[in-house]
Structure formats: structure tokens, C-alpha cells
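The values are calculated or read from the model by the stated rules, or taken from the named source; none is laboratory data. Because the structure is predicted, anything quoted here is derived from the model rather than measured. Positions of Cβ are backbone-derived with ideal geometry, glycine not excepted, and every protein chain shown enters the neighbour counts.
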Amino acid sequence: MKLVKSLLLGSAAGIAAVAGAQAADLPSRKAAPVEYVRVCSAFGANFFYLPGTDTCLRIGGRVRAEYSFGERWSSGQDMFGTRARGRIFLDARNQTAYGTLRTFIRYDLTTTTGVYRYGGTNSAANRFSGLNGVNQDDSIGLTDAVIQLGPLTAGRTASMFQFYANDYTFHGARTSDRQVNLLAYTASFGGGFTATLSLEDPRTTGRLGTVAATGGYAGLTYPDVVGQIRVDQGWGSASLSGAFGDRSTYSNPYAPTFGTGAKQDEMGWAVQAGVKINLPMLAAGDALFVQAAYADGALEYIGWGSNAGHGRVAAFPVANYGVEFGRLKSNTGYTILAAMRHYWTPAIRSDFLVSYSALQTAGFIPGSTKSYDPKELVASANLVWSPVSGLDIGVEVLYARTEFGGRIPDAKAFAINGKTIKSDDSWSGRLRIQRDF
């Protein structure tokens, strides 16, 4: 019996050894190593490495809901408006032997209704709206698409001319706040001092229309040339910028006073100076902006286009009078503003804005020997609560007054009784709920 047990145990051991040897010869099925997303701290918070690369990426965005109330300009218009905006951006960066390589792209998608459709820089502003009965506007906008390598910037981004650029308050003041296609070089001198030279395409900032009923824009021969000297230090920032560009015109061949349609070479230019002062002695995050700008011909650099005034005025519709501000060298203007942000508590803040702007224009009021020469005063204040990080809930009130060099049609009553006015004012309000991530 012992002999039989020994034989059985020996046979089992031999079979196990053979089976083990055969199993060792089979291919391995080990799981592939998992490459976890790694945090990239080289460029600040919220960046991570793209797996398998040395590129650091940040993904972010914004959702904004707004509700605005303003004056009704006609029975075909609404007294309120709503806006919904979604934003998404990608920020990719690498360290290279030539400096930081950055690629940034941002899209804004917006739906607006009511008073937002009436033009101007304020929801209550409608001088001569042709949008009666149009209740909705959907848009997809490429706000930024830029490549930066060390001192070089190429693509679409904020103009190098601007400084304040509506950093505070909900509504837009008369100031340079534009996205343009550009090619720029920035030299750094240490201590926060920089100097930038930029070639910018003015046709990417908005429409360039006719200069008068008897003329129009000639084709551009060169891009706008923009320069800025800037300093950024612990106390705040300061900027001095200038721009000039081709604003040539051609005469209308159908107008007997011009006849041949000859080109008239003109150059528009603008200068701007601004300072931002940090006020930590009041509260953390407090700051004050003061800025002034002057333009000759290139009035878009101080925030003026074909519209004028926030108040109830019918100011020179292009279709009727053929005049557009910023389209003729003899149109000059200036704007000054002051804006302040104050934190009442870490979660509650307010923004305050006062701005004044005035133009001297070449266009005459129809039937008058007086020019439009608008003067505009804007004042606004808001109160914003941030209950959690990235969420703002705020209300803002805006007052605006516009005065003209002569009497012009009243947008609200002219079609009914031919009423004209020389000045007017308006109030508007806005509620904003916004989440940034």
C-alpha cells in the first residue's frame, strides 16, 4: 500500500511540474500601465499635462445670464431684454528655449432679445433702430485665437492700444475695447517695463462705412500701426499708447461736386494715457482706473462708431444722412473716465464708473448749419455678491445724458409729431448671474 501511495504522489508531482512548465511558455496578458493626468504647476493653477506630452493645458469657460430693463422707444420694441452667453477657452503652454510657447483660443456663444438688440453701448440706447420686430439674435464669435512665443504675438486678441477696456461694470463705456487680428512684438526691460509695436487690421474691429453722403472709404493701403509703453508693478499699472492708420476716402462719382471719384489720402490717429492704482489700504482687491484718450479721424479708438448717445435721440441714421463718426479726418474727439472697484466684504463688491466724451464733427444736422458735436455723460454703479468662488450675482444701474450742437429728431416721437430735441437722458438697469470656471 505504501508503495502505491508513493507512486501516485510521484505521478501527481510530475504532472504538476509539466503543467507548470507549459503554463510558463504561454503569452503574458498583463494590463497596460495607466498614465494618470498630472498637475502642471509651471503656469499657475488649473493646468494639467496632456498625457504623453510636455504640453500644459487649461480648460475653462463662463455662463452668463442677464436681464435688462430700459426705455421703450416705440410700440414695436420691448421694454426689457434677456441675454444668455456661453464661453469656452483652451490655454496650452510649453516651456521652450525661446521662451513660453502659448496657444489660446476662446469662443463666445450668445443669444439676446429685446433691448439688447437696439444698438449702442447701453441696453437703453436706441437712436434710430431699424430692428423693430426683430426679437432674437444668436451669434457665435471667435473672440481670441492667438499664438505667443516669447515676445511675439500673432492672431486675434485684444488691441495693444487699450488699457481699461471695460474691466469693471456691466455696461460698456466709451473706450477702446476691441479684439483685432494683429502681429505684435513686445520688448521687456525688467522692473515691469515693456514696449509693444503692433500691426493691426482695422477691418476686424467692426464695420468701416461711408464717410458722407457724397463719399466712402477707399481701400486700405496698410494696417494700423499701434505702439504702447507700459509698466506693471506692485502699486498698479500705467500705459501710454498711440495708433495711426489709413483712413483715405474716395468721392462719389455720381455727386456733381466731386465728379471724378478721386481718392483723397487721409490718416487717422489716436493717443491714450491711463493709470491703475491698487488700493489695498481700503480693502484687498480695491483699485482705481483713470484714463483719457484723444482721436482724429480714427474715433473707433475712443469707442465711437456710427451711433451717438445713450438717450432718447434719433441721431443721424446713416441710411438717411450718410454720416458715420470716425470716418473723416476732420472728426475729432476725446473721452475721459474713472472707474473704481471696492470690496465691502470679501464676498460683496461694487464698481463705480463716470465717463465724459465729446466730439467735433464734420457732418451738419439736416436743415441746419450746426454740427452734431455730441457730448455724452455716463455714470453707473453696481453691487455684486459672490456667495461661492466663481459665482457672481449682481445688479447695476446706469444713467446717461447726451447733448448735441443743434436740434435733432426725437427717436421716440419724431415719426408721430416731428418733435426735435437738443439733449436727452436715460436710465437703465441690469441683473447679471455669472459663473466662471
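Criterion first (at pLDDT 85 or above, hydroxyl-bearing (S, T, Y) and more than 30 Å from V397 (Cα to Cα)) does Y49 satisfy it?
In short, yes.
Would you be able to tell me the number of residues in the range 141-198 that are among the polar types (S, T, N, Q), assigned to a loop (DSSP other than H, G, I, E, B) and either more than 15 Å from the chain's Cα centre (by Cα) or closer than 19 Å to D91 by Cβ (or both)?
Adding up the residues that qualify gives 0.
Return the only residue of G274, G305, G297 being within 23 Å of the chain's Cα centre (by Cα) and at pLDDT 95 or above.
Step by step, each of G274, G305, G297 is checked, and only G274 is within 23 Å of the chain's Cα centre (by Cα) and at pLDDT 95 or above.
Going by the conditions given, is I393 over 23 Å from G70 (Cβ atoms), touching a Lys or Arg at 6+ places or on another chain (Cβ under 8 Å) and among the β-branched types (V, I, T)?
no
Evaluate the following for T100: is it β-branched (V, I, T) and either modelled with pLDDT of 95 or more or crowded, with 16+ Cβ neighbours inside 10 Å (or both)? Walk me through it before giving the result.
Values: β-branched (V, I, T): yes; either modelled with pLDDT of 95 or more or crowded, with 16+ Cβ neighbours inside 10 Å (or both): no.
When the stated conditions are applied, T100 does not pass them.
What residue, among those in the range 34-59 that are of a type in the set (V, I, T) and surrounded by 10 or more Cβ atoms within 10 Å (Cβ to Cβ), is nearest to N94 (Cα to Cα)? Break it down stepwise before answering.
Restricting attention to the range 34-59, the residues satisfying the condition of being of a type in the set (V, I, T) are 34, 37, 39, 53, 55, 59.
In the following step, the residues that additionally are surrounded by 10 or more Cβ atoms within 10 Å (Cβ to Cβ) were identified as 37, 39, 53, 55, 59.
Working: V37: 16, V39: 14, T53: 10, T55: 5, I59: 15 Å.
Among residues in the range 34-59 that are of a type in the set (V, I, T) and surrounded by 10 or more Cβ atoms within 10 Å (Cβ to Cβ), the one nearest to N94 (Cα to Cα) is T55.
State all residues of the range 331-373 that are under 18 Å from S176 (Cα atoms) and in contact (Cβ under 8 Å) with a residue 40 or more places away in the chain; if no residue qualifies, say none.
Listed by number, the residues that qualify are Y334, T335, I336, L337, A338, A339, M340, L353, S355, S357, L359.
Within the range 230-245, track down each residue that is farther than 17 Å from Y294 by Cβ and not charged (D, E, K, R). Don't jump to the end; show me each part of the working.
Step one: of the range 230-245, the residues farther than 17 Å from Y294 by Cβ are 230-238.
If the condition is that a residue be farther than 17 Å from Y294 by Cβ and not charged (D, E, K, R), then V231, Q233, G234, W235, G236, S237, A238 are the ones that fit.
Considering only residues of the range 361-385 that are among the charged types (D, E, K, R) and in a strand (DSSP E or B), which is surrounded by the most Cβ atoms within 10 Å (Cβ to Cβ)?
E376
Here are some residues: G406, G326. Which one is over 23 Å from L431 (Cα atoms), assigned to a strand (DSSP E or B) and at pLDDT below 90?
The unique qualifying residue is G406.
Do we find that G394 is at pLDDT 90 or above and buried (at least 17 other Cβ atoms within 10 Å of the Cβ) in this structure?
Criteria met by G394.
Are any residues in the range 232-266 modelled with pLDDT under 60 and among the β-branched types (V, I, T), and if so, which ones?
If the condition is that a residue be modelled with pLDDT under 60 and among the β-branched types (V, I, T), then T257, T260 are the ones that fit.
Read through the list (1) hydrophobic (A, V, I, L, M, F, W, C); (2) at pLDDT 90 or above; (3) over 18 Å from the mean Cα position of the chain (by Cα), then give the number of the only condition that F80 fails.
Condition not satisfied by F80: (2).
Are any residues in the range 215-231 among the hydrophobic types (A, V, I, L, M, F, W, C) and either at pLDDT below 90 or more than 13 Å from G245 (Cβ to Cβ) (or both), and if so, which ones?
Within the range 215-231, A218, L220, I229, V231 qualify.
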